[in-house]
Amino acid sequence: MAQKKTIKPSGIKSGKSAKVIKKEKLKVIPLGGLECIGLNMTAIEYGDSIIVVDCGMAFADDTLLGIDLIIPDVSYLKQNRSKVKAFYITHGHEDHIGALPYILKDVNAPVYGTKLSVALILKKLEEHSMENTVKLKTVGYGEKLKAGQFNVEFIRTNHSISDAAALAISCPAGVILHTGDFKVDYTPVYGDAIDLWRLAELGKKGVLAVLCDSTNALRPGYTMSEKTVGETFDALFAEHSRNRIIIATFASNVDRVQQAINSACKYKRKVVLEGRSMLNVIETAQELGYIKVPANTIISVDEMKNYPDNKLTVITTGSQGEPMAALSRMAYKNHKKIDIKPDDVIIFSSSPIPGNEKNVSNVMNELAQMGAKVVFQQTHVSGHACQEEIKLIYSLLRPKYIIPVHGEFRHRSANRMIALDMGYRSRDVLMAETGDVIELTEKGIKVTGKVQAGGIYVDNSGVADVGRTVLQDRKDLAERGVLIVSVCIDKDNNFIVSGPEVFTRGWVYDGELDIILEEIKRIIYNNLIDYLDNNRYNRGKAKMVIGDAVRRYTRVQGRKGPMVLPFILEE
C-alpha cells in the first residue's frame, strides 16, 4: 500500500525554518472577514508599527432595517493611531475597499494598491469629498514598500477583478503571506497568470505564516478559467438572436463585462451599461485600458428606443438581488427607463453570496412572472481558489503556520482540513475569530487576547454606528406597530384639559380600528383620572400610566402590544 505523501512546512524538522526572534512579538489581529463574506480587514503589528490589509464593507440583510452597509469596528486602530503606518489593498472589490472613506476619517494613513484598485478607491474618496485628504500610491508587482518595521511586496494573483495581489509582509520576526482573494488562472482574460515562481521563491527562503482565502475551500478540484464564460456567452447570444439580452453581474468584474461586450459585438448588438456602480467602474477601467470597447458600441439608456430589441444588450447591476440595484428596480417595475418585456432573456452571471439567496430568488421569480426567460446556470465561474489550488499554494510556500481567512466558519474549517490532510499539525493551523490577538513566536501560534471588533452599522444618513438600540426600535416598529397617544394636562390643578387622542400605524386592521381606538381612549382617560385624583402630577409617571393601560388592554384582548409613544402637553 502506497504511503500518503505529505508536504513538510517550513519550520518542521526537514523544512527550512522561518527566522523568529524574541525581542518583539508579531501579532495578527483580524478586524473583520472571518465570520462572514465581507468586512475584510486585518491588522498586523510588530513593535511600534501596525499595517492594515484591506478595509472592506458588507451589505446589510433584511433583518437590519434601514441599514445600508456595515463597516468594521476599528476601535483598536483608533487607540493606536500613532502606530498605524499604512493600509495595503489586495484588490478593488467593495468587501476590501468599501469602508475606506469611513475608516480614513478616524485613522488617516497612506493607502497603497495596484493601478485599478487605486483608481476605484479614488472614485470612492471623491464621492465623500476626501480625494485631497488621503495619500494614495499606486504600486507595481514586485515593488517593495517600507512602513515602520515592515516591508511589503505586491505579488500578482488572479481573481474576478484585474490587478489582484497577494502581499508578502516581512519584519524581523519573519514573513507573513496574505493571499488576498485569489485563484490560479493560467489563461486570464486580462493580464498575466498568478506569479507562482515568486511564491515558490518565498517558500524556499522560509515563510512564517499564510493567511489564506477560504471561500471555495469546500469545493474539490480547480476553479475554471474566466475565459470559459466567454464561450458560454457566445452560445447564449447565438441561441437567443431574436431577443433582447440583459446580463446581470458584479460591476467590479471587469473581465466578465469585457466578455459580455465581446459577445455583443460579435452578434452586432449595441450595449447599454446600467447601474451607477457599473458606469463608474467600467468608465474607470476603460480610462486605464483594462477593458477594450469598439467605438460606437456603448449607447445610453435613452438611445435604446432607436434600436430593435434583438440588437440590444443591457449589462446591469443587481445580480445579488440588492433592493436598489438596477435589475431589482426593473423586476419590481420601479425602473424609470427600462421595462421588462415577455421575450427578454435575462442572464444572471454570478452566484449568490451566502445570505443573498432569498433576494436573488425573489428577483428571478418577479422576472419570470413577467414572461422573461431567466438563465442562471453555466454563466459564472468563481474568482476564488478550490481545494487543489489551495494545496498548490501551501506546497509552494511551505509556511510554518496557517490561518484560514475570508469566509464563514464552514469555509475556514474546510481550509483547515486541507492543511491537516497535507501533514500540518493541528496546533499549527489556527481557527481565529474577529478581534483575536494572534501571536506568532518560535514556540508556536496562539490567541493571547481580544480587542473590540465587529460591525458598525451605517444608514442612509451616512452616519456610522447606528447602534443596536435604534435597530431594536426599528424591529419593534416593524413587528408590533406603533400607538401614539396625545393628551393635554393642567399640571398645576391636576386635571385633563383635552384628550386623549389616539393614533396608530401598523397595529390593527382597518375594520377593527375605530372600535379599538375608542376603547383605548376610554381606558387611558379613566386611568389618568384615577392617577391625578390620588397623586401630584408628574410627567414621567403620567406616561407610565398611559403605557401600562395600553399593555393591560392588549393582554386582555390577546393581542401583540404596539410600541406606545405618549405625548403630554402641559398647561
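The values are calculated or read from the model by the stated rules, or taken from the named source; none is laboratory data. Small disclaimer: the values here were computed from a predicted structure and weren't measured. As a convention, Cβ positions derive from the backbone with ideal geometry for all residues, glycine included, and neighbour counts pool all protein chains shown. Remember, those area values only see protein heavy atoms, side chains included, never the ligands or the DNA or RNA. Shrake-Rupley method; radii C 1.70, N 1.55, O 1.52, S 1.80 Å.
Of all the residues that make up segment 243-253, how many are at pLDDT 95 or above and part of a loop (DSSP other than H, G, I, E, B)?
2
Each row is one residue, and each column tells you yes or no for (1) β-branched (V, I, T); (2) part of a helix (DSSP H, G or I); (3) buried (at least 18 other Cβ atoms within 10 Å of the Cβ).
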{"residue": "P101", "(1), (2), (3)": "no, yes, yes"}
{"residue": "K105", "(1), (2), (3)": "no, no, no"}
{"residue": "N108", "(1), (2), (3)": "no, no, no"}
{"residue": "S117", "(1), (2), (3)": "no, yes, yes"}
{"residue": "L120", "(1), (2), (3)": "no, yes, yes"}
{"residue": "E126", "(1), (2), (3)": "no, yes, no"}
{"residue": "S129", "(1), (2), (3)": "no, no, no"}
{"residue": "T133", "(1), (2), (3)": "yes, no, no"}
{"residue": "G142", "(1), (2), (3)": "no, no, no"}
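Residues are listed down the side, and each one gets a yes or a no for (1) within 28 Å of L26 (Cβ to Cβ); (2) of a type outside the set (V, I, T):
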position	(1), (2)
V139	yes, no
F150	yes, yes
I155	yes, no
N158	no, yes
I161	no, no
L199	yes, yes
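Which fully enclosed helices (runs of 4 or more DSSP H) of segment 254-358 have 3 or more residues being more than 17 Å from R242 (Cα to Cα), open to solvent by 40 Å² or more (accessible area, probe 1.4 Å) and not β-branched (V, I, T)?
276-288
Is there a residue in segment 85-93 that is of a type in the set (A, V, I, L, M, F, W, C), surrounded by fewer than 24 Cβ atoms within 10 Å (Cβ to Cβ), touching a residue at least 60 places away in the same chain (Cβ under 8 Å) and not in a loop (DSSP other than H, G, I, E, B)?
Taking every residue of segment 85-93 in turn, at least one turns out to be of a type in the set (A, V, I, L, M, F, W, C), surrounded by fewer than 24 Cβ atoms within 10 Å (Cβ to Cβ), touching a residue at least 60 places away in the same chain (Cβ under 8 Å) and not in a loop (DSSP other than H, G, I, E, B).
A419: in a helix (DSSP H, G or I), surrounded by 15 or more Cβ atoms within 10 Å (Cβ to Cβ) and over 26 Å from the mean Cα position of the chain (by Cα), yes or no?
yes
Can you tell me which residues in segment 359-392 are acidic (D, E) and either under 26 Å from S162 (Cβ atoms) or open to solvent by less than 30 Å² (accessible area, probe 1.4 Å) (or both)?
E388, E389
With the structure loaded, tell me whether K183 is touching a residue at least 24 places away in the same chain (Cβ under 8 Å), of a type in the set (D, E, K, R), open to solvent by less than 20 Å² (accessible area, probe 1.4 Å) and over 23 Å from K83 (Cβ atoms) or whether it fails that test.
Criteria met by K183.
Only one of these conditions is not met by R244: (1) of a type outside the set (G, A, S); (2) touching a residue at least 60 places away in the same chain (Cβ under 8 Å); (3) farther than 27 Å from G275 by Cα. Which number is it?
In the conditions (1) of a type outside the set (G, A, S); (2) touching a residue at least 60 places away in the same chain (Cβ under 8 Å); (3) farther than 27 Å from G275 by Cα, R244 misses (3) alone.
Rundown of residues vs (1) farther than 15 Å from K491 by Cβ; (2) open to solvent by less than 50 Å² (accessible area, probe 1.4 Å), yes/no style:
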site	(1), (2)
I520	yes, yes
L528	no, yes
N535	no, no
M544	yes, no
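Tell me the residue from S170, S162 that is over 30 Å from Q258 (Cβ atoms) and either hydroxyl-bearing (S, T, Y) or in contact (Cβ under 8 Å) with a residue 60 or more places away in the chain (or both), please.
S170
Just give me the residues in segment 209-229 being assigned to a helix (DSSP H, G or I) and either in contact with a Lys or Arg (Cβ under 9 Å, 6 or more places away or on another chain) or on the phi > 0 side of the Ramachandran plot (or both), in sequence order.
V229
Residues of segment 147-167 being closer than 28 Å to D255 by Cα, in contact with a Phe, Trp or Tyr (Cβ under 8 Å, 6 or more places away or on another chain) and not in a loop (DSSP other than H, G, I, E, B), which ones?
Correct list: V152, F154, I155, R156, N158, A165, A166, L167.
Okay, residues lined up against (1) over 30 Å from G221 (Cβ atoms); (2) modelled with pLDDT under 95; (3) of a type in the set (K, R):
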site	(1), (2), (3)
R416	no, no, yes
L430	no, no, no
G455	yes, yes, no
V458	yes, yes, no
Q472	yes, yes, no
I489	yes, yes, no
V502	yes, yes, no
L517	yes, yes, no
